[in-house]
Amino acid sequence: MTREIIIAGFGGQGVMSMGKTLVEAGMAEGYNVSWVPSYGPEMRGGTANCAVVISDEPVGSPLVVQPNELIAMNGPSLKKFEPHVEEGGLILVNSSQALEKVHRTDVRAFYVPSMEEAGKLGNFKVANMVMLGAYIAATGALKMETLEQMLSRIFTGSKAPLVALNIQALQAGAAHIK
Amino acid sequence: MQKELWKGNEAIAEAAVRAGCDAYFGYPITPQNEIPEYMSRRMQEENRVFVQAESELAAINMVYGAAAAGMRAMTSSSSPGISLKQEGISYLIGAELPAVIVNMMRGGPGLGTIQPSQSDYFQATRSPGHGDGHMIVLAPSGIQEAVDLMQDSFDLADRWRTPVMMLADGMIGQMMEPIAWKQRPAAPAVDKPWATTGQGERGHTNFVTSLRLDSVDNEAFNEALQQKYADIGRQKTRYEEVDCEDAELILVAFGTTARIALSAARKLRQEGIRAGLFRPITLWPFPTLALQQVAGRPNVRAVLTVEMSAGQMVEDVRLALCGAKPVHFFGRTGGMIPEPAQVAQEIRRILKEEQA
């Protein structure tokens with residue numbers, strides 16, 4: 001099975017690091033993975049997105065045109081990528097920033113108020129981890145334990161206390177997916 | 001083997017360090033800036049040479065100087081910057097100096113865009129700079145291959161006393177993929193008795209130049225150069241063949257575009273359309289004989305070349321096949337990337353047309 005994912009939002013929302021965390025975890029579970037950032041001039045202060053492929057066969061095109069799954073961190077990203085999601089695919093909306101609803105009826109849609117959840121944990125910066133937790137719960141693409149292990153490897157030394165916070169954020173996101 | 005996630009540009013830079021690159025000279029340009037950035041730190045750690053030159057022209061001439069002194073030297077840039085280096089590349093060829101040059105192509109002409117492209121194929125493969133010269137041109141389609149080829153590049157450059165270009169595109173530079181660092185046997189130590197390392201006990205002064213004012217001498221040099229190119233061509237073409245055995249259509253593509261073509265071919269297999277991929281890895285020398293054999297099979301009805309250009313490698317494909325099979329072309333230009341669905345649609349159209 002091949003998952004083609006687009007993660008999109010404003011620069012600064014942690015879109016690129018969400019993608020990197022996903023491919024690191026996918027690699028740890030033995031999948032073939034690729035990560036391609038948008039690197040146009042729009043990166044500075046505007047929209048940012050990355051394309052992630054997680055597959056059990058060698059990755060062909062690393063470029064994702066028709067994603068199976070979209071994580072939209074803001075309204076403009078939802079508007080831009082919603083029409084391209086494959087039929088039967090999944091759209092995960094950060095409802096703290098995107099006030100619009102998904103118009104398509106041939107895809108599954110989930111709404112996660114990531115900022116509110118991150119706020120409850122006392123740190124807005126983990127909103128992206130809330131979304132990632134929701135993504136894992138909604139798709140079952142990877143094991144939650146794998147992501148948690150990744151976090152303990154990313155945050156070491158003085159940053160070690162952040163591991164627990166990020167794991168809580170993943171779990172808060174997952175709890176939103178029924 | 002332990003896999004690690006690396007960004008293309010950084011992996012290429014690290015591969016150069018591990019291949020024993022003694023000296024890096026560069027000047028910034030997107031989308032390859034992570035190469036000089038990485039090198040600025042790593043080369044210092046290794047006590048080797050890193051210079052951010054004042055211009056591309058300066059950088060390539062510093063490469064010339066370091067290579068003349070027997071060092072493993074490299075530079076990297078992207079299309080407009082590589083244009084500026086053409087004079088220096090011609091001089092490297094004329095002086096028979098080994099060097100490695102990385103081109104992370106972006107869309108042109110002129111300053112163009114920073115998005116991926118393959119429109120420097122002619123510049124790289126026909127005759128870099130002026131004169132009747134060539135360089136070995138290697139085209140990776142992923143980061144593991146870029147790393148492996150980077151190590152080969154230095155060996156090939158030393159062995160044949162020639163510049164070697166790694167021709168990739170912005171996508172390869174910017175993307176991340178898992179790679180394994182292979183334990184390679186140490187590169188064979190290449191004796192460089194011609195290097196300008198100081199006379200010492202040699203008894204004569206080495207002199208490295210591309211200037212041969214006597215045309216009789218210069219023609220003799222050119223003939224020897226062409227002989228060298230013929231020898232390289234006999235030994236060094238590399239390519240990959242995927243699902244070609246039963247294919248009714250052969251896709252020919254290199255680099256990022258080859259992966260997009262492969263995605264299209266896989267999609268079509270599900271529809272019962274048999275497409276295969278022929279991927280040249282050495283763009284110069286071009287794998288002419290191998291392509292003739294693959295496309296010459298009776299099951300092949302047509303060939304489709306896919307490029308991020310207005311059609312450059314397709315000329316080598318046509319020259320190789322000499323009308324034996326119909327050769328079609330599909331390309332996107334200016335920094336746009338072909339989509340697998342577009343390639344698949346083109347294949348359906350061609351096969352229908354060939355049937356009629």
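The values are calculated or read from the model by the stated rules, or taken from the named source; none is laboratory data. Everything numeric here is computed off the predicted structure, so don't read it as measured data. Counting neighbours? That spans all protein chains shown, and the Cβs are built from the backbone with ideal geometry, glycine included.
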Note on residue A:50: of the conditions (1) closer than 30 Å to residue B:140 by Cα; (2) modelled with pLDDT under 95, unmet is (2)
Restricting attention to the stretch B:216-247, report how many residues are over 20 Å from the mean Cα position of the chain (by Cα) and β-branched (Val, Ile, Thr). 2
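Yes/no per residue for (1) touching a strand residue (DSSP E or B) at 6+ places or on another chain (Cβ under 6 Å); (2) under 17 Å from residue B:167 (Cβ atoms); (3) buried (at least 21 other Cβ atoms within 10 Å of the Cβ); (4) at pLDDT below 95:
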residue	(1), (2), (3), (4)
B:15	no, yes, yes, no
B:22	no, no, no, no
B:25	yes, no, yes, no
B:44	no, no, no, no
B:48	no, no, no, no
B:52	no, no, no, no
B:58	no, no, no, no
B:82	yes, yes, yes, no
Can you find a residue that is at negative phi, buried (at least 16 other Cβ atoms within 10 Å of the Cβ) and in a loop (DSSP other than H, G, I, E, B) anywhere in the stretch A:111-125? yes
Take the residues in the stretch A:10-38 that are more than 10 Å from chain B (Cβ to nearest Cβ) and in a loop (DSSP other than H, G, I, E, B); name whichever of them is surrounded by the fewest Cβ atoms within 10 Å (Cβ to Cβ). A:12
Yes/no for residue A:57 being part of a loop (DSSP other than H, G, I, E, B) and in contact (Cβ under 8 Å) with a residue 40 or more places away in the chain: yes
Residue among B:276, B:233, B:311, B:296 that is at positive phi and either crowded, with 24+ Cβ neighbours inside 10 Å or not charged (D, E, K, R) (or both): B:311
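Among the residues of the stretch A:133-178 satisfying the criterion of being in contact with a strand residue (DSSP E or B) (Cβ under 8 Å, 6 or more places away or on another chain) and not in a loop (DSSP other than H, G, I, E, B), which is nearest to residue A:22 (Cα to Cα)?
Initial filter on the stretch A:133-178 (in contact with a strand residue (DSSP E or B) (Cβ under 8 Å, 6 or more places away or on another chain)): A:134-135, A:138-139, A:141-142, A:173, A:176-177.
Of the ones still in play, those that are also not in a loop (DSSP other than H, G, I, E, B) are A:134-135, A:138-139, A:173.
On the way: A:134: 13, A:135: 10, A:138: 14, A:139: 13, A:173: 15 Å.
Per the stated criteria, the residue is A:135.
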Can you tell me which residue is farthest from the other protein chains (Cβ to nearest Cβ) among those in the stretch B:43-56 that are in a helix (DSSP H, G or I) and either within 25 Å of residue B:79 (Cβ to Cβ) or small (Gly, Ala, Ser) (or both)? B:43
Determine whether the stretch B:248-268 contains at least one residue that is more than 30 Å from residue A:24 (Cα to Cα) and either out of contact with any helix residue (DSSP H, G or I) (no Cβ under 7 Å at 6 or more places or on another chain) or without any contact (Cβ under 8 Å) to a residue 24 or more places away in the chain (or both). no
Residue A:45 passes all but one of (1) more than 13 Å from every other protein chain (Cβ to nearest Cβ); (2) at pLDDT 90 or above; which number fails? (2)
Restricting to the stretch B:1-21, what's the tally of residues that are outside any helix (DSSP H, G or I) and under 14 Å from residue B:172 (Cα atoms)? 3
What pairs come out if I take residues in the stretch B:169-198 that are facing chain A (nearest Cβ under 9 Å) and in a loop (DSSP other than H, G, I, E, B) and pair them with residues that are crowded, with 22+ Cβ neighbours inside 10 Å and of a type in the set (Ser, Thr, Tyr) whose C-beta lies under 7 Å away, six or more apart or interchain? B:175/A:34
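Scan the stretch B:291-298 and tell me whether some residue there is at pLDDT 95 or above, basic (Lys, Arg) and within 30 Å of residue B:113 (Cα to Cα). Don't jump to the end; show me each part of the working.
Taking the stretch B:291-298 and keeping what is at pLDDT 95 or above, we get B:291-298.
Restricting the remaining residues to those that are basic (Lys, Arg) gives B:297.
Cutting the leftovers down to within 30 Å of residue B:113 (Cα to Cα) gives us none.
Looking through the stretch B:291-298, none of the residues is at pLDDT 95 or above, basic (Lys, Arg) and within 30 Å of residue B:113 (Cα to Cα).
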Look at residue B:40 and say whether it is assigned to a helix (DSSP H, G or I), within 28 Å of residue B:179 (Cα to Cα), out of contact with any Lys or Arg (no Cβ under 7 Å at 6 or more places or on another chain) and away from chain A (no Cβ under 14 Å). yes
For the structure I just gave you, tell me whether residue B:33 is within 14 Å of chain A (Cβ to nearest Cβ), out of contact with any helix residue (DSSP H, G or I) (no Cβ under 6 Å at 6 or more places or on another chain) and in contact (Cβ under 8 Å) with a residue 24 or more places away in the chain. yes
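Sort out which residues of the stretch B:109-156 are aromatic (Phe, Trp, Tyr) and out of contact with any Leu (no Cβ under 9 Å at 6 or more places or on another chain), and write them in order of number.
Listed by number, the residues that qualify are B:122, B:154.
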Considering only the stretch B:86-139, state which residues are over 21 Å from residue B:218 (Cβ atoms), part of a loop (DSSP other than H, G, I, E, B) and among the polar types (S, T, N, Q). B:113, B:115, B:117, B:118, B:119
Checked pairs for the stretch B:113-137, first over 17 Å from residue B:255 (Cα atoms) and away from every other protein chain (no Cβ under 14 Å), second charged (D, E, K, R) and part of a helix (DSSP H, G or I), C-beta under 6 Å and 6 or more apart or across chains, list as B:129/B:87
Pairs, first assigned by TED's automatic domain parsing to the domain that holds residue B:158 in the stretch B:219-237, second charged (D, E, K, R) and surrounded by 15 or more Cβ atoms within 10 Å (Cβ to Cβ), C-beta under 9 Å, six or more apart: B:221/B:96; B:225/B:96; B:228/B:96; B:228/B:161
